[in-house]
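Reviewing the structure listed below.
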Amino acid sequence: MEEDIQVKIGLETHVQLDTRTKLLCACPNEKADKPNTKVCPTCLGHPGSKPQLNQKVLEQAVKTSEALQLDIEEEVYFSRKTYFYPDMSKNYQTTQYEVPVGRDGQLEIQVEDEKKPIRIQRLHIEEDPAKLKHKGGSISNAKYTLVDYNRAGTPLLEIVTKPDFKSPKEARSYLQELAKILEYLGIYDSDSDFSIKSDANISIEGGERVEVKNITGTKGIEQALKYEITRQKQLKKRGREVEQETRSYNADQEITEKLRDKETEEDYGYIFEPDLTTQNITEKQKKELKEEIPELPHEKFERFLDEYNLEPKIVEALITERKMAKDYEELVQKHEKELTASFMTGDLRKVLNYNEISYEESSIQKQWISYILDLLEQDKISDRNAELLTREIAENPKHPEKVVKEQDLLKAEEDEVKQFVEQVIDDNPEAVEDYREGKDDAINFLVGQVMQKSQGKADPKNTREEIVEQITEQ
Amino acid sequence: MIEKEEVKKVAENARINVTDEEAENLKEDFKSILQMFETLEDIDTEDTEPSFHPIDVESKTREDKPKETLKKEEVFQNTSNEEENNFKGPKVK
Amino acid sequence: MKETEITDKEDFLQQLKEKNEKYQFMREINEPKEKEKSGKLANTAFVVKDAICTKNTTTSAGSKILQNYKPVFNATVVQKLKEEGATFYGKTNQDEFGFGTFNTNCAFETPKNPHDTDRVVGGSSGGAGAVVAALDQEIISIGESTGGSITNPAAYNGVIGITPTYGRVSRHGLVSYGNSLDKIGVLSKNIETAAKGLKVISGEDPQDQTTVSKEVPDYTDLEERTNLKAAIPKQYIELEGLEEGVENNFRDSVEKLEAKGITVEEVDMPLLSANYSVPAYYVLAMTEASTNLAKMSGIRYGLEKNPENYEDYNEYFSEVRTEGFGKEAKRRIMIGTYTRQAGYRDQYYIKAAKVRTKIIEEFKQVFEEYDVIISPSMPNIAPKISEARDMNPEEIYAMDTLTVGPNLAGMPMISIPNGKSEGMPTGLHIIGDHFEEKKILDTAYTYQQGEK
């Protein structure tokens, strides 16, 4: 990325909340097998139906605002944003226009070694529309649309930043940090890529702003922005102006595409939502909700660096999941700090990634980890077998002790090793002679022989030392 | 003074088709009705807060507890535009 | 009260059908099949304004666009009435979505006034008023008022109509006109019935979060009250277009109240003049309505077309809406869209909301010294249907002057018959402060003592 081009990026992120019910009705907020099975008169927009605001959504909005250091409104109102689209139950969206839940906060990001605050303009609550399926293939040659209202009314938080990002990397870092915080707050389903969707506003060199919509998850953002910036630079190179427009991110091809020009920017004609009441957020409520917020990622990061003296990269990996960080802290009361950290972020994480599950999702219990750490600390298992063991308990969850017994994974006993070494030395006099003559390779050969005899259970390091000792004594 | 073109734009925003003649008539309606609304300007509301409800409504929310949803027959009883449990709607270009 | 009790159900149904033939006040008659529960309203008939949802019975709010809409649920008020054993006999005709003063904006029939079939029944709950007047049997007729649509038809039909405070009765199940203005209430012949009906339908409802938790007093405990002070807004009595006969009846009513020991005085309430209360009301009503009616666009319910025949969704929506909405509905939707557009929003929508605050303040000031505010319910007797159809929109809106003020302020009000003029009924309007339904019922009760 060339540093000389002045880039300004702002992000508008929508997060689907993981509450049990929708924003304005008590329909279950969950995935369904069949369309239109989690619906009621309210989310179907039936004439005569009325909305009922979900308490949990309000609480989560306040908590998130606290975590992002936003100023929280004392009196919260809702608005109607009126526009016509086949995915709208009421042809108006219940949202917050004039008065969002929170305003003027920030989130600190780190890109390489630089820390930087990103200003957050606002956070507000709104509802998701229905899901559309275009019958006939793609949007452009469909004959009609199929509408599924299961998603209609799903609660969303919209988080809007100021255009503080100077590069796609910064934007990605922000989204990842934001996602971590949201995961810590436990308010959204971090597994689904569709739980977070962003729209980006980009302008280069003080030019027109282009909006890129529909960027899902936290990873696509960098590519989307890189493409768009390149596209804009190309236009300028050719002496053409960048037009203010709305584009859509095509994740499959990793490009941005022009969305159909709207004839005129339609006026949403916002009014205050008269079917919902004003919500008063008292100091007491704010305090109670704040107390429910767990230690946040950046706080934990600093504390772990301080308390456990680990490498920043290791800490980063350790605290990505709240549960792993929590279990770590309990484990290090018994076990060695660095060993535990390197095991959890190393072998354990590798195995989890391979199986595409998170630590939280896996059935691995911390007592099991403790058992393995004991073995490692007491030098009773080789590193290789420890890795094997970890893989086994991740894929077929059971207490590692069982696996150790079943597969005979422990290191050979010292006496046993001594015996094997004796035998190998006896059996391979030429190698011994080679070693004595200064050929270091010979010892690797002898170690290998012992490993073979012990069926991999001997510890290579100890074996080597034992061989050297025995040869020297001879 | 509202122009016919503006009336047409408002109609479009509201998804209502108007013929040229209708727009002309509506222009007159708009004119006299908006004129009626203008007298509100005589009232000094400098230090007045707007009331979006006539009473002090109580702050109300609902518990995050799921309730029964509609059965299929109920979902589709008011339409014949249904396909495989979906509602059939007009296409999006 | 025994007066609402129907002894011969067959006969009642027959009467209902016959009278409806003559006056067309019913949108749909329901012949009750299920056995009702027992309760305070056992053997009492009730009918409901078309816009109030009745499960599996057509609820079209007087509009073609909802001609075939059959809700999958009952409105809370309907549920409450049924729980007390009342029997449902059908839906009454109304102006489309509540947009009207004379029930001449109905997509179905225009009901005729039982006192004179050349004349209107009032609106928008016109059918609800006419049915009470037409039948010999006392029933509970559920109406709805946004700007005066209960007490207007009550006055024109010579019956009682009570509009409660905003938030007193649940709007769950009411097809919305103006969400901060709509109130469901009762029309009946007798004040006891009105009180009873109101008691049953009132109360907090979790399904309508704008309802209040205030306890519902026993309205049926009607008492004579004479130690009251009543205020007459100067602006109402000086209203341009106030018919002589109506004014005379009102003056008689004042004398009657005074004779009972009630103090009656004129007060100055400048914001209640037609210049201010009418526009403040209509701006907010139309603005809210334009968003409420956005949902009628031919998907999931209501008038629909074959979506495959349309090139794009806007075309589809526009065609459905253009065909389904009547003229007045279109007019109000468009004006209401304009008044909330960026650039006009402050001037109209926000301004009207501020004026509303001032109007409420004006009422509250008067209620500090007075118990009730009185006036004629309507400035005229029910006009002839042909005359009504000839009026232009602004003339019609001005007809609502006596009712829009208190409706905008969410105040409770009751209209009781107070005589005739040119053979047509007139009404006395009694307005109370927020949640003073009992006081206005008692005042009406007091007024009526010694009558008959």
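The values are calculated or read from the model by the stated rules, or taken from the named source; none is laboratory data. Source: prediction; values computed, not measured. When we count neighbours, we look across all protein chains shown, and the Cβ atoms used for this are built from the backbone with ideal geometry, even at glycine.
Pick from region C:32-63 the residues that are surrounded by fewer than 16 Cβ atoms within 10 Å (Cβ to Cβ) and either within 14 Å of chain A (Cβ to nearest Cβ) or without any contact (Cβ under 8 Å) to a residue 40 or more places away in the chain (or both): which of them is nearest to the chain's Cα centre (by Cα)?
Checking each candidate, the answer is C:56.
Is it the case, given these coordinates, that residue A:24 is facing chain B (nearest Cβ under 10 Å), among the hydrophobic types (A, V, I, L, M, F, W, C) and in a helix (DSSP H, G or I)? Step through it out loud before you land on a result.
Numbers: facing chain B (nearest Cβ under 10 Å): yes; among the hydrophobic types (A, V, I, L, M, F, W, C): yes; in a helix (DSSP H, G or I): no.
Spelling it out, it is not the case that residue A:24 is facing chain B (nearest Cβ under 10 Å), among the hydrophobic types (A, V, I, L, M, F, W, C) and in a helix (DSSP H, G or I).
So residue B:30 ticks every box in (1) assigned to a helix (DSSP H, G or I); (2) without any contact (Cβ under 8 Å) to a residue 24 or more places away in the chain; (3) not aliphatic (A, V, I, L, M) but one. Which box is left unticked?
All conditions pass for residue B:30, except number (2).
Look at residue A:125 and say whether it is away from chain B (no Cβ under 14 Å), buried (at least 18 other Cβ atoms within 10 Å of the Cβ), touching a residue at least 24 places away in the same chain (Cβ under 8 Å) and in a strand (DSSP E or B). Talk me through it step by step, then tell me what you get.
Working: away from chain B (no Cβ under 14 Å): no; buried (at least 18 other Cβ atoms within 10 Å of the Cβ): yes; touching a residue at least 24 places away in the same chain (Cβ under 8 Å): yes; in a strand (DSSP E or B): yes.
Considered against the rule, which asks whether it is away from chain B (no Cβ under 14 Å), buried (at least 18 other Cβ atoms within 10 Å of the Cβ), touching a residue at least 24 places away in the same chain (Cβ under 8 Å) and in a strand (DSSP E or B), residue A:125 comes out as no.
Any residue in region C:390-408 that is at positive phi and either of a type outside the set (Lys, Arg) or surrounded by fewer than 19 Cβ atoms within 10 Å (Cβ to Cβ) (or both)? Give the steps one after another, and end with the answer.
Step one: of region C:390-408, the residues at positive phi are none.
No; the residues of region C:390-408 include none that is at positive phi and either of a type outside the set (Lys, Arg) or surrounded by fewer than 19 Cβ atoms within 10 Å (Cβ to Cβ) (or both).
Criterion first (farther than 26 Å from residue A:292 by Cα and either in contact with an Asp or Glu (Cβ under 6 Å, 6 or more places away or on another chain) or modelled with pLDDT of 95 or more (or both)) does residue A:189 satisfy it? Explain how you work it out, then say what you get.
On the way: farther than 26 Å from residue A:292 by Cα: no; either in contact with an Asp or Glu (Cβ under 6 Å, 6 or more places away or on another chain) or modelled with pLDDT of 95 or more (or both): yes.
Spelling it out, it is not the case that residue A:189 is farther than 26 Å from residue A:292 by Cα and either in contact with an Asp or Glu (Cβ under 6 Å, 6 or more places away or on another chain) or modelled with pLDDT of 95 or more (or both).
Looking for something surrounded by fewer than 22 Cβ atoms within 10 Å (Cβ to Cβ) and in a loop (DSSP other than H, G, I, E, B) - is there at least one such residue anywhere in region A:222-236?
Within region A:222-236, not a single residue is surrounded by fewer than 22 Cβ atoms within 10 Å (Cβ to Cβ) and in a loop (DSSP other than H, G, I, E, B).
Quick check on residue B:37: is it hydrophobic (A, V, I, L, M, F, W, C), within 21 Å of the chain's Cα centre (by Cα), part of a loop (DSSP other than H, G, I, E, B) and at pLDDT 95 or above?
no
Within region A:316-325, does at least one residue satisfy the condition of being of a type in the set (S, T, N, Q) and closer than 18 Å to residue A:180 by Cα? Break it down stepwise before answering.
Step one: of region A:316-325, the residues of a type in the set (S, T, N, Q) are A:320.
After this cut, where a residue has to be closer than 18 Å to residue A:180 by Cα as well, the list is A:320.
Yes: region A:316-325 contains one or more residues that are of a type in the set (S, T, N, Q) and closer than 18 Å to residue A:180 by Cα.
Please verify whether region C:75-87 includes one or more residues that are touching a residue at least 12 places away in the same chain (Cβ under 8 Å), crowded, with 24+ Cβ neighbours inside 10 Å and more than 25 Å from residue B:77 (Cβ to Cβ).
yes
Among C:286, C:296, which is the only one that is more than 8 Å from chain B (Cβ to nearest Cβ), within 17 Å of residue C:182 (Cα to Cα), in contact with a helix residue (DSSP H, G or I) (Cβ under 8 Å, 6 or more places away or on another chain) and surrounded by 22 or more Cβ atoms within 10 Å (Cβ to Cβ)? Full working, then the answer.
On the way: C:296 fails: within 17 Å of residue C:182 (Cα to Cα).
Criteria check complete, one pass: C:286.
Please go through (1) surrounded by fewer than 24 Cβ atoms within 10 Å (Cβ to Cβ); (2) part of a helix (DSSP H, G or I); (3) more than 10 Å from chain B (Cβ to nearest Cβ) for residue A:14 and return the number of the only condition it doesn't satisfy.
Result: residue A:14 passes all but (2).
Looking at residue A:150 and the list (1) facing chain B (nearest Cβ under 9 Å); (2) in a loop (DSSP other than H, G, I, E, B), which single condition is not satisfied?
(1)
Among (1) part of a loop (DSSP other than H, G, I, E, B); (2) facing chain B (nearest Cβ under 7 Å); (3) buried (at least 23 other Cβ atoms within 10 Å of the Cβ), where does residue C:304 come up short?
The one condition residue C:304 does not meet is (3).
Name the residue, out of A:173, A:190, A:198, that is within 30 Å of residue A:300 (Cα to Cα), assigned to a loop (DSSP other than H, G, I, E, B) and among the polar types (S, T, N, Q).
Working: A:173 fails: assigned to a loop (DSSP other than H, G, I, E, B); A:198 fails: assigned to a loop (DSSP other than H, G, I, E, B).
Being within 30 Å of residue A:300 (Cα to Cα), assigned to a loop (DSSP other than H, G, I, E, B) and among the polar types (S, T, N, Q) holds for just one of A:173, A:190, A:198, which is A:190.
For residue B:82, are the conditions met, namely being without any contact (Cβ under 8 Å) to a residue 24 or more places away in the chain, more than 7 Å from chain C (Cβ to nearest Cβ) and under 30 Å from residue C:72 (Cβ atoms)? Break it down into steps so the answer makes sense when it comes.
On the way: without any contact (Cβ under 8 Å) to a residue 24 or more places away in the chain: yes; more than 7 Å from chain C (Cβ to nearest Cβ): yes; under 30 Å from residue C:72 (Cβ atoms): yes.
Judged against the criteria, residue B:82 is a match.
Taking region A:82-117 on its own, how many of its residues are in a strand (DSSP E or B), crowded, with 20+ Cβ neighbours inside 10 Å and not polar (S, T, N, Q)?
5
Can you pull out every residue in region A:152-166 that is touching a helix residue (DSSP H, G or I) at 6+ places or on another chain (Cβ under 8 Å) and polar (S, T, N, Q)?
Scanning region A:152-166 gives a single hit, A:161.
What tally of residues in region A:364-388 results from selecting those that are modelled with pLDDT under 90 and hydroxyl-bearing (Ser, Thr, Tyr)?
Going through region A:364-388 one residue at a time, the tally reaches 1.
Could you list, ordered by first residue, the pairs with Cβ atoms under 8 Å in which the first is in region C:205-222 and closer than 30 Å to residue A:273 by Cα and more than 7 Å from chain B (Cβ to nearest Cβ) and the second is β-branched (Val, Ile, Thr) and part of a loop (DSSP other than H, G, I, E, B), at least 6 apart or interchain?
The qualifying pairs are C:205/C:211.
Scan region B:63-76 residue by residue and report those that are farther than 27 Å from residue A:57 by Cβ and surrounded by 16 or more Cβ atoms within 10 Å (Cβ to Cβ). Step through it out loud before you land on a result.
Step one: list which residues in region B:63-76 are farther than 27 Å from residue A:57 by Cβ, which gives B:72-73, B:76.
Within region B:63-76, just B:76 meets the criteria.
Where residues in region B:1-53 are of a type in the set (Lys, Arg) and more than 7 Å from chain C (Cβ to nearest Cβ), which of them is nearest to residue C:393 (Cα to Cα)?
B:31
Pairs please, first residue from region C:108-127 and on the phi < 0 side of the Ramachandran plot and modelled with pLDDT of 95 or more, second anywhere and among the basic types (Lys, Arg) and assigned to a loop (DSSP other than H, G, I, E, B), Cβ atoms under 9 Å, 6+ apart in sequence or on different chains.
Once the first residue is on the phi < 0 side of the Ramachandran plot and modelled with pLDDT of 95 or more and sits in region C:108-127, its partners that are among the basic types (Lys, Arg) and assigned to a loop (DSSP other than H, G, I, E, B) give C:118/C:112; C:119/C:112; C:120/C:112; C:121/C:112.
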